[in-house]
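Take a look at this one; I'll ask things after.
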Amino acid sequence: MAYREVPRMEIQEIIRRWQAGGSLRRIAVGTGLSRDTVARYVAAARTAGIAQDGPVATEEQLSRLAAMGQVGPRRVEMPSQDLLEPWADQIYQWLTGDRLLLTRIHELLTARGCHVSYSSLRRFIVKRNWGRRSVRTVRMADTAAGEVAEVDFGRLGMITDPATGKRRVVWALIIVLSYSRHCFVWPTHSQKLEDVIAGLEAAWAFFGGVPRYLVIDNFPAAVAGPDPLHPRLTRGFLEYSQHRGFVADPARVRHPKDKPKVERSVSYVRERLFKGGDFHGLVHLRNEAQRWCLEVAGQRIHGTIRRQPLVVFQDEERHALLPWDGEPYEITHWRAAKVHPDHHVACQYALYSVPSSSCPPGQKVEIRLDSKLVRIYHRGKLLKVHQRQPRGGRATDPDDYPAELTAYTMKAPERIKRSAALLGPSVAEFAERLFDDQHPWSKIRQGHKLVRLGERYTAERLDAACQRALAVDLIDVNRVERILVQALEQDALPQLPLALPPGRFARPGSVFALAAGGRS
């Protein structure tokens with residue numbers, strides 16, 4: 001049996017797709033979870049007061065759903081291809097000798113105890129080239145206005161970077177609206193998450209809205225696991241899709257027919273926009289690409305719809321898009337880390353403390369980073385928020401350490417003074433006098449010992465002992481300890497005379513006076 005914990009981000013995606021009207025089966029396919037898991041979280045959402053046609057789930061409601069913990073047990077099954085392998089000779093005989101249809105072969109295998117899907121059987125046969133693959137295709141059904149957009153990356157060529165004078169590769173992020181065929185092109189030097197989101201943000205500004213579904217290519221910034229049936233989005237891109245309100249649907253690897261409307265646009269952009277052009281850097285190329293989308297690609301008569309994409313977009317599709325608020329999106333990154341024995345996690349070459357009471361060392365946590373803050377989650381619950389630190393930096397909250405280790409881990413005189421103040425006014429004054437030194441760090445151990453004396457002999461006795469030591473100007477922790485051991489703190493303080501008696505052999509000062517010129 002295998003157990004899998006459902007992260008909070010995936011739970012939020014289940015509820016979001018359910019509130020968008022998705023069926024359990026469609027949500028399961030889109031998230032990669034089983035239908036039973038999706039149904040269980042949907043039922044829990046209803047119990048928590050989340051309605052399918054109601055407002056978006058709050059942070060408190062999502063935290064309660066995340067507290068459901070682990071999913072599972074889940075049975076580990078043998079892949080279908082391994083199940084079919086012992087039947088390979090029999091399948092070949094049925095297919096070539098008996099010329100049976102695949103549906104009949106599937107029935108015979110099921111009757112003999114080999115339970116696989118029809119699609120798995122078909123892939124098994126195609127992989128061995130036992131049958132002639134059909135090259136026929138069918139026209140995909142038209143989508144509603146504002147419903148779907150397709151996204152793809154294509155290599156354009158090389159341009160000169162005006163800052164360095166070097167030649168660099170240029171990629172084009174192409175977004176095509178499926179209904180109107182209106183497109184947007186965003187040239188970029190890389191395919192990182194920042195570049196992808198920057199291109200999509202520019203596209204929403206160009207279109208004036210956001211489509212409801214986005215069919216994307218399997219670029220690593222957006223797709224973490226390019227599984228043909230259960231693709232898994234990166235958390236950064238998933239959070240962006242949730243923020244903008246669209247549902248991302250990754251295409252299968254090496255299946256260009258999954259996004260045919262944008263697939264042909266790559267060569268079109270390369271031939272009509274880039275080749276033969278003279279571009280002075282990436283900014284100039286982006287400006288020219290936007291002008292080209294409006295004046296060339298948008299004004300042509302499209303070969304399929306036989307109309308101008310820009311005209312169709314303005315007349316029929318623009319108003320159907322989801323609203324775009326125009327607010328800049330702050331890109332976030334998600335990382336997984338393990339709590340170290342020193343109660344810190346390492347992320348982006350910096351250290352951040354984790355509360356020991358909520359997450360002891362050895363536990364795995366999720367870290368969300370933005371430009372200013374670092375948020376640490378454990379099982380969907382927010383544990384800690386830190387200011388983001390530079391490379392080599394460290395953010396430590398003393399309260400995150402266990403109580404018995406705090407004094408030893410934080411070598412701070414001010415913290416020891418605060419602890420001493422809780423034990424009494426005389427202890428606080430003694431600590432102030434103790435650290436009133438040119439090198440206060442040298443008194444750290446004595447300060448720790450002073451606080452421990454209060455734990456051993458009670459705060460009242462320590463305060464009285466410190467009062468006695470201060471009365472005679474005795475700033476020595478060892479002598480305070482001796483007072484406590486001998487129980488002298490309750491004795492009356494010795495009364496010092498107001499004036500010292502004259503000495504027996506005292507002489508007046510005139511004896512020491514020298515006459516002018518008395519010594520040579």
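Computed from the coordinates by the stated procedures, all read-outs in this text should not be read as laboratory data. Because the structure is predicted, anything quoted here is derived from the model rather than measured. Every residue, glycine as well, gets a Cβ built from its backbone with ideal geometry; the counts of neighbours run over all protein chains shown.
By how many nm would the segment from residue 163 to residue 34 lengthen if fully extended, with 0.36 nm per residue of separation less the alpha-carbon distance?
Length gained, residue 163 through residue 34: 41.3 nm.
Using 7 Å Cα-to-Cβ label points, what is the residue 190/residue 141 separation (nm, one decimal)?
4.2 nm
So, one more: For helix 35-47, report the angle its Cα long axis makes with the longest principal axis of the Cα atoms of the chain; keep it between 0 and 90° and round to the nearest 10°.
60 degrees
Would you work out the charge dipole size for the chain about its Cα centre, treating the Cβ of every Lys and Arg as +1 and the Cβ of every Asp and Glu as -1, and quote it to the nearest 20 debye?
For this selection, approximately 1620 debye.
Considering the convex hull of the alpha carbon atoms of the stretch 80-127, report its projected area averaged over all viewing directions, in nm², one decimal.
Mean shadow area of the hull around the Cα atoms is 2.9 nm².
What do you get for Rg/Rh of the chain when both radii come from the Cα atoms and Rh is the Kirkwood radius?
Reported Rg/Rh, Kirkwood definition of Rh: 1.24.
How many nm separate the modelled label positions at residue 122 and residue 52, each set 7 Å beyond the Cα in the direction of the Cβ?
2.9 nm
Could I get the Rg over Rh figure for the stretch 333-400? Both from C-alpha atoms, Rh via Kirkwood, rounded to two places.
Using only Cα positions, Rg/Rh for the stretch 333-400 is 0.91.
Let me ask something additional. Find which of 294, 326, 304 sits farthest along the positive direction of the dipole of the stretch 244-331, computed with +1 on the beta-carbon of Lys and Arg, -1 on that of Asp and Glu, about the Cα centre.
304
Convex hull over the Cα atoms of the stretch 154-289, averaged projected area in nm²?
The orientation-averaged projected area of the Cα hull of the stretch 154-289 comes to 8.4 nm².
Could I ask something else about it? Roughly what angle does helix 8-19 make with the longest principal axis of the chain, taking Cα atoms, 0 to 90 degrees, to the nearest 10?
40 degrees
Can I ask one more? Distance cut-off 21 Å, Cα to Cα: go down the list 338/381; 166/275; 384/449; 417/449; 192/257; 127/261 and report the pairs above it.
Pairs exceeding the cut-off: 384/449; 192/257; 127/261.
Which three numbers, in whole Å and largest first, are the semi-axes of the equivalent ellipsoid of the stretch 355-466 derived from its Cα gyration tensor as √(5λ)?
Working through the eigenvalues yields semi-axes of 35, 17, 11 Å.
Using only Cα atoms, what is the ratio of the radius of gyration of the stretch 439-479 to 2.2 N^0.38 Å?
My calculation over the Cα atoms of the stretch 439-479 gives 1.16.
Continuing with this model, one more query. Can you give the relative contact order of the chain as a percent, counting alpha carbon pairs under 8 Å and 6+ residues apart?
After rounding, I find 10 percent.
In addition: For residue 294 and residue 198, calculate 0.36 nm times their separation in residues minus their Cα-Cα distance, and state this gained length in nm to one decimal.
Taking residue 294 through residue 198 to full extension adds about 32.6 nm, to one decimal.
Follow-up. In degrees, nearest 10, range 0 to 90: what is the angle between the Cα axis of helix 282-292 and the longest Cα principal axis of the chain?
For helix 282-292, the angle is close to 40 degrees.
For the stretch 243-362, with equal point scatterers placed on the C-alpha atoms only and solvent neglected, what are the log10 I(q)/I(0) values from the Debye formula at q = 0.09, 0.10, 0.16, 0.17 1/Å, to two decimals?
Values returned for q = 0.09, 0.10, 0.16, 0.17 Å⁻¹ are -0.54, -0.63, -1.04, -1.12.
Right, another one. Restricting to DSSP H runs of at least four residues, report the calculated mean residue ellipticity at 222 nm for the chain, -39500 (n - 2.57) per run over all residues, nearest 500 deg cm²/dmol.
The helix contribution divided over the chain gives -10000 deg cm²/dmol.
Express in nm, to one decimal, how much length is gained between residue 304 and residue 415 on full extension, taking 0.36 nm for each residue of separation and deducting their alpha carbon distance.
The span from residue 304 to residue 415 would gain 32.6 nm if fully extended.
Compute the orientation-averaged projected area for the stretch 411-485 from the convex hull of its Cα atoms and round it to one decimal in nm².
Averaged projected area of the stretch 411-485's Cα convex hull equals 4.2 nm².
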